[in-house]
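Structure first, then comments.
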Amino acid sequence: MSAGFLFSVVIAYFILLLVVALKTSKGSDNESFFIGNRKSNWMLVAFGMIGTSLSGVTFVSVPGAVGMNSFAYMQIVFGYFIGYLLIAFVLLPLYYRLKLTSIYSYLKTRMGMMSYKTGAWFFIISRLLGATARLYLVVVILQTTILDSFGIPFWVSTLFILIMIILYTFEGGVKTIVWTDTLQTTGMLTGLIAGIIFILHNMGISVTESLDMLRSQQLSRVFHTDMNSTLFWPKQILAGMFITLSMTGLDQEMMQKSISVTNLRDSKKNMVSLAFIMLVVIGLFLYMGGLLYLYGQTVGGAFTEVVNNGVPAKTFMLDGKNVMGDSIFPQLAVHHMPHALSIIFIIALISALFPSADGAMTALTSSFCIDIAGINRNPTMTDKEKKRFRQRVHLTFALLFLLFVMVFYWIGSRSIIDVILKIAGYTYGPLLGLFAFGIFVKRRPVDKLVPIICFAAPIISFVIDEGVNKMNWLGGYKIGLELIIINAALAFIGLFFISKKVDAHELEQDSVL
């Protein structure tokens with residue numbers, strides 16, 4: 001299929017997004033942009049959050065990782081499930097009771113202004129790095145499958161996509177994104193289901209037969225029992241739980257959609273529904289990943305053992321190149337599947353791209369305007385001035401997205417999902433420690449010292465991670481995703497040592513105790 005035709009599919013999809021944005025952004029103001037006027041339908045939010053939670057990383061990187069780690073990612077997903085339930089029954093009641101627009105304003109009431117701004121800055125850093133890593137993955141695939149054919153430089157491709165995102169989020173914000181995320185989730189899930197059906201039909205096998213084939217090739221193993229391994233199941237489940245608490249429950253992008261729902265009861269329904277849906281959907285992505293490797297072998301691909309810097313490694317060679325990881329799905333979809341499947345793949349891919357970038361850009365704009373710049377606390381600013389300031393911030397973050405995507409491009413990576421989870425371990429840990437301290441401890445830290453504790457925690461975590469994994473401090477034990485737990489614990493302990501006990505009635509209005 002020609003690159004020109006696939007490019008026209010991308011443009012047509014973008015035009016559809018613009019039409020939706022024009023219809024949903026009518027009469028929008030700052031309240032619409034930040035929290036959708038608290039009138040979002042919980043079912044739309046729940047369905048759209050599937051796309052936001054999954055993004056292009058799950059669509060491409062999770063299936064690709066099956067070749068190396070089989071179904072081990074499912075261990076993390078079980079942790080996700082627990083984390084979503086904790087968000088529904090611990091965090092959401094707090095956010096609704098305090099009627100928060102920014103979830104980090106809880107920290108101001110509970111601990112002070114410096115704590116509040118520290119939490120907001122950690123979110124901004126975390127989301128900026130995570131969202132641009134996700135965006136990088138999808139732009140790279142679009143570049144290699146379509147845009148390289150036109151001789152378009154990578155930075156121009158990235159800028160073009162960011163301009164598209166700005167055009168449909170500039171006015172409506174959350175009010176628009178709730179609807180566009182629903183459209184994009186539909187596109188992504190269509191690609192998932194179509195891919196599974198095609199491979200099963202093409203290979204002439206049933207689901208049961210395919211599972212037997214995956215088992216015979218050791219591509220369906222879920223639980224790992226080696227305590228020293230980074231894939232040891234208790235570590236993975238605990239890490240998944242804390243990652244969800246941090247990357248969803250303490251993330252302004254995810255929570256501004258949840259608190260845009262009319263009432264707490266419906267918002268809980270949204271989160272609990274999401275917990276069950278994610279179990280099923282990610283399970284299907286892993287299953288499709290296994291099928292991709294089976295199908296790849298029928299079109300000439302094969303697993304190969306290689307030595308990389310003296311270490312044995314496994315690769316999957318197809319069409320004369322290594323496609324193990326993020327490359328296998330795009331390579332098969334564009335070059336070894338019917339044209340209809342190629343079109344569905346491109347639509348699903350860009351459906352995965354936009355939710356990972358549009359919501360992040362909107363949430364970063366919201367957090368900077370409300371938490372850092374404090375436009376809602378400035379009585380001298382008119383609504384018109386606030387809107388103009390918000391729009392300038394939105395454009396600034398778009399430029400930062402371009403810069404960081406280019407940084408990831410220059411660095412390069414075989415599996416972006418590993419990069420994102422590593423980033424989360426360092427940047428979301430202090431946020432988790434801050435909120436855990438505020439919710440569960442009847443003490444108040446010295447506010448001016450909070451930034452020092454929160455920035456020291458990831459530095460110490462880095463030293464521990466390097467020492468254990470590279471200098472063998474623990475005799476073979478390897479730190480994996482539990483890094484976020486170590487980081488949060490260090491922040492929590494540090495906050496305890498700089499805090500003093502306060503009377504229960506002082507906490508009555510700003511804690512859940």
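Descriptive notes on the structure:
- Listed residues L291, F316, T380: farthest to the positive end of the dipole of the range 263-393 (Cβ charges): T380
- Rolling a 1.4 Å probe across the protein heavy atoms gives the range 207-271 an accessible surface of 42 Å² per residue.
- Cα→Cβ-extended label distance, 7 Å offset, between H335 and N228, nm: 3.9
- Euclidean distance between Cα centres, the range 243-272 to the range 420-494, Å: 24
- The slack in the chain from A12 to Y409, taken as 0.36 nm per residue of separation less the alpha-carbon distance, amounts to 140.2 nm.
- Cross-link reach list, lysines versus K500, counting only Cα pairs under 17 Å and skipping chain neighbours closer than eight places: K108, K442, K448
- For the listed residue pairs K23/K387; K99/K501; K269/K501, the alpha carbons are over 31 angstrom apart in K269/K501.
- The Q218 and Y477 beta-carbon pair, evaluated with R₀ = 35 Å, returns a calculated FRET efficiency of approximately 0.90.
The values are calculated or read from the model by the stated rules, or taken from the named source; none is laboratory data. Being a predicted model, the structure only gives us computed values, none of them experimental. When we count neighbours, we look across all protein chains shown, and the Cβ atoms used for this are built from the backbone with ideal geometry, even at glycine. The protein model used for the area step is the full one, side chains on, heavy atoms only, and it has no ligands, DNA or RNA in it. Shrake-Rupley method; radii C 1.70, N 1.55, O 1.52, S 1.80 Å.
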